[in-house]
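Coordinate-derived values only; no laboratory data. A quick note: this is a predicted structure, and the numbers were derived from the prediction, not measured. In this analysis, Cβ positions are derived from the backbone assuming ideal geometry, glycine residues included, and neighbour counts consider all displayed protein chains.
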Amino acid sequence: VFPDSNPTSNPVDIFRCVIAHHLAPITGVDIKLVYPALEWTQTLDKGDLILAVPRLRVKGNPTELGKQWVEKFPDSPFLERPKADGTFLRFYFKNSVLNQVVLSSIIKRKQNYGPVNSGKGKRVIVEFSSPNIAKPFHAGHLRSTIIGGFLSSLHEACGWDVVRMNYLGDWGKQFGILGVGFTRFGSEEELVKDPIRHLFDVYVDINAVIEEEKKAEREKLGLPEGAKLKYNGPTDDEARAFFARMEDGDEEALALWKRFRDLSIEKYKDTYARLNIQYDIYSGESQVSKEAMDKATAMMKEKNISEESEGAMIVDFTKHGAKKLGKAIVVKKDGTSLYLTRDIGAAMERYNKYKFDKMIYVVATQQDLHLQQLFKILELLGFEWAGKCQHINFGMVQGMSTRKGTVKFLDDILAEAKERMHEVMKKNEDKYAQVEEPEFIADTVGRSGVMVQDMSGKRINGYTFDIDRMTSFEGDTGPYLQYAHTRVCSILRKADVPMEKIENADLSLLTEPHATNLVRCLAQYPDVLQQTLKTLEPTTVVTYLFKMTHLLSSSYNVLHVLSSEDDVKCARLALYESARIVLNNGMSLLGLVPVERM
Ligand code: ARG
């Protein structure tokens with residue numbers, strides 16, 4: 001009856017169903033409207049779920065209505081007496097029932113607790129990371145990789161068929177520059193060893209040559225520094241010619257380009273694997289077919305979306321009710337395509353191939369205008385799926401430079417985090433001596449630091465890349481989450497009680513407020529994921545995990561294990577085991593690898 005309701009995977013739905021079932025006849029409001037009006041409160045004293053009376057749109061004084069409804073509300077084995085409080089109704093779960101349905105559901109479902117199968121039968125393309133071969137992998141790509149990886153996992157966990165796509169920047173004049181650069185400065189050996197770094201070095205070197213030649217040209221003509229030139233010098237000309245050959249399908253030029261591309265992808269794969277990311281497709285600007293782009297430009301002409309302007313083809317958005325989008329070139333004077341043209345063709349091809357229900361572009365906010373223009377053109381072209389495209393943007397990272405100089409490559413960033421983490425670990429000599437695989441732990445925890453920092457705030461807010469802060473165990477950091485995980489693991493390990501006894505514990509023995517608050521928090525996890533599917537904000541999950549681990553850590557001082565009677569011990573272990581499962585599930589979903597000892 002209720003959309004998104006699934007009591008088998010979300011135990012709280014049981015309570016929502018009971019409340020809505022009783023309230024519908026009392027209020028005369030359709031049960032389908034009552035159900036979604038029930039909301040969590042911040043703290044237990046305000047009730048578990050509340051309902052704002054005005055939301056039901058029943059005529060009358062809300063305060064009076066609330067009082068009447070509460071009086072008529074029948075006694076239920078699931079609930080304490082509800083309270084009317086001003087214009088709110090407050091509902092309280094019976095603790096013993098809550099403990100039972102929530103903890104047994106978690107322990108039974110284990111790694112499957114949390115996601116609700118709401119995406120079954122639907123397909124989403126998540127396009128993320130998308131670095132430019134030959135240019136540095138910068139912070140924007142790092143953020144796109146982390147956020148996109150998370151959004152892919154989230155959809156997958158919720159039953160979607162996910163296509164993970166990397167749309168490489170692998171075409172354009174810079175490959176002409178690179179081709180020429182490689183013939184002068186390239187080394188076969190270096191290329192195979194570390195293609196991404198080597199190609200970047202070659203790119204820097206050849207650009208320096210071009211800049212020198214431009215300078216000489218300006219001096220010859222007596223032009224001031226930085227002045228635009230018609231002729232940029234022999235090397236630039238050569239690069240242009242090289243790319244023109246690529247566009248014409250010259251086999252030799254393309255063979256070299258293809259080696260750059262293939263070797264780079266191989267290297268990217270290793271790096272992405274460190275972040276638990278595997279792509280379904282390495283697509284890229286080079287992969288967009290000429291047919292698709294020709295079709296798009298023909299349609300734009302035919303539908304009067306585009307017009308001619310100084311030999312080029314442009315779209316003037318101001319004429320299509322989108323003033324803010326200005327104008328954009330879609331075909332250059334010389335007939336070649338642009339970034340935007342390739343994106344239009346790519347979107348069309350993707351829809352034809354995948355018939356997606358949703359397509360997410362995880363790209364920095366600097367490209368807001370580009371993506372708005374793209375989506376507007378798709379809409380003007382009349383594609384019914386245009387509305388299924390969504391730009392997930394994010395803010396900038398500041399201060400990516402470290403002691404070693406400016407960090408440019410993802411590998412460097414991860415290596416730096418690992419090294420810092422290793423240093424932090426070594427400071428605690430006694431503990432360090434007990435760690436079995438310090439290298440692995442430092443790497444894993446360091447990575448957690450980088451990733452959690454990236455997902456902590458709202459996407460649109462940038463942050464300062466501060467390696468000391470992200471590798472700290474204090475505050476809401478990745479290492480703190482890892483520490484919380486190792487601590488709960490260690491409690492379970494030290495108690496040494498067989499899982500069967502924990503599974504059959506008498507959960508009514510969990511009566512302390514600390515236990516109730518923690519169970520209530522664990523119960524919210526499936527709702528948090530449903531909410532995240534709407535916000536597409538990783539911070540929704542990250543914030544939840546910190547709240548949960550804070551409740552967990554404050555429980556240890558109150559809900560002792562080792563000194564407790566056997567039955568109480570088992571009940572508390574069931575609570576801790578449930579918390580461990582939720583923490584593990586949440587961390588894994590974020591792309592972290594929870595460690596058991598460190
Ligand atoms: N390669 C681009 C860059 O590094 C990002 C690609 C974004 N995706 C897209 N479909 N335009 O800036």
Give the calculated FRET efficiency between residue 30 and residue 122 to the nearest 0.05, with a Förster radius of 35 Å applied to their Cβ-Cβ distance. 0.85
Everything considered on the Cα gyration tensor (a ≥ b ≥ c; rounded for a/c under 1.5, else prolate if a/b is larger than b/c, else oblate), the chain must be described as oblate
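Equivalent-ellipsoid semi-axes (√(5λ), Cα gyration tensor) for segment 446-525, whole Å, largest first? Present the calculation step by step, with values, prior to reporting the outcome.
Values: eigenvalues 223, 56, 20 Å².
Over the Cα atoms of segment 446-525, the semi-axes work out to 33, 17, 10 Å.
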Dipole magnitude of segment 371-525 about its Cα centre (Cβ charges: Lys, Arg +1; Asp, Glu -1), debye to nearest 20: 480 debye
Report the paramagnetic label zone for residue 72: residues of segment 14-28 whose backbone N is under 15 Å from a point 7 Å from Cα along the Cα-to-Cβ axis. 20-28
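Please give the length that would be gained between residue 423 and residue 190 if that part of the chain were fully extended, namely 0.36 nm times their separation in residues minus their C-alpha to C-alpha distance (nm, one decimal). Mind dumping the intermediate values first?
Values: separation 233, 0.36 × 233 = 83.88 nm, distance 3.09 nm.
Contour length minus Cα-Cα distance gives 80.8 nm.
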Can you work out the Karplus-derived ³J(HN,Hα) for every residue in segment 514-531? Use 6.51 cos²θ - 1.76 cosθ + 1.60 with θ = phi - 60°, whole Hz, and x for glycine or proline. 4, 5, 4, 4, 5, 4, 4, 5, 5, 5, 7, 4, x, 5, 4, 5, 4, 5
Can you give the calculated 222 nm mean residue ellipticity of the chain, where each DSSP H run of n ≥ 4 adds -39,500 (n - 2.57) and the sum is split over every residue, rounded to the nearest 500 deg cm²/dmol? -17500 deg cm²/dmol
Set Lys and Arg Cβ to +1 and Asp and Glu Cβ to -1, take the dipole of the chain about its Cα centre, and tell me which of 556, 331, 31 lies farthest positive. 31
Net lengthening on full extension, residue 225/residue 259 (0.36 nm per residue, minus Cα-Cα): 8.6 nm
Long-range share for segment 540-585, i.e. C-alpha pairs more than 15 Å apart as a percent of all pairs, stands at 47 percent
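Quick check on the chain: of the DSSP beta bridges with both residues there, what percent are antiparallel, nearest 5%?
Working: 23 of 43 bridges.
Bridges in the chain are about 55 percent antiparallel.
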Normalise the Debye intensity by I(0) for segment 436-489, one equal point scatterer per Cα, no solvent, then take log10 at q = 0.24, 0.29 Å⁻¹ and round to two decimals. -0.92, -1.17
Overall form of segment 152-219 per C-alpha gyration tensor (a/c, 1.5; a/b vs b/c): prolate
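For segment 12-93, just say rounded, prolate or oblate: build the C-alpha gyration tensor, square-root its eigenvalues into a ≥ b ≥ c, call rounded for a/c under 1.5, and beyond that prolate if a/b exceeds b/c, oblate if not.
rounded
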With Cα coordinates, the longest principal axis of the chain makes an angle with the long axis of helix 251-274, in degrees rounded to 10, of 20 degrees
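Tell me, what is the FRET efficiency for residue 588 and residue 59 to the nearest 0.05, using R0 = 45 angstrom and their Cβ-Cβ distance as r?
0.35
Might you report the magnitude of the Cβ-based charge dipole of the chain about its Cα centre, with Lys and Arg at +1 and Asp and Glu at -1, to the nearest 20 debye?
Working: 79 positive and 82 negative charges, 372 e Å.
Roughly 1780 debye for the chain.
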Using the basic label-point model (7 angstrom from Cα toward the beta carbon), what is the residue 556 to residue 161 distance in nanometres? 4.6 nm
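Stretch residue 352-residue 440 to full length: gain in nm at 0.36 nm per residue minus the Cα-Cα span? Don't jump to the answer; show the numbers that get you there.
Values: separation 88, 0.36 × 88 = 31.68 nm, distance 4.33 nm.
Full extension from residue 352 to residue 440 adds 27.3 nm.
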Dipole of segment 1-70 [Lys/Arg +1, Asp/Glu -1 at C-beta], most positive-end residue of 22, 6, 66: 66
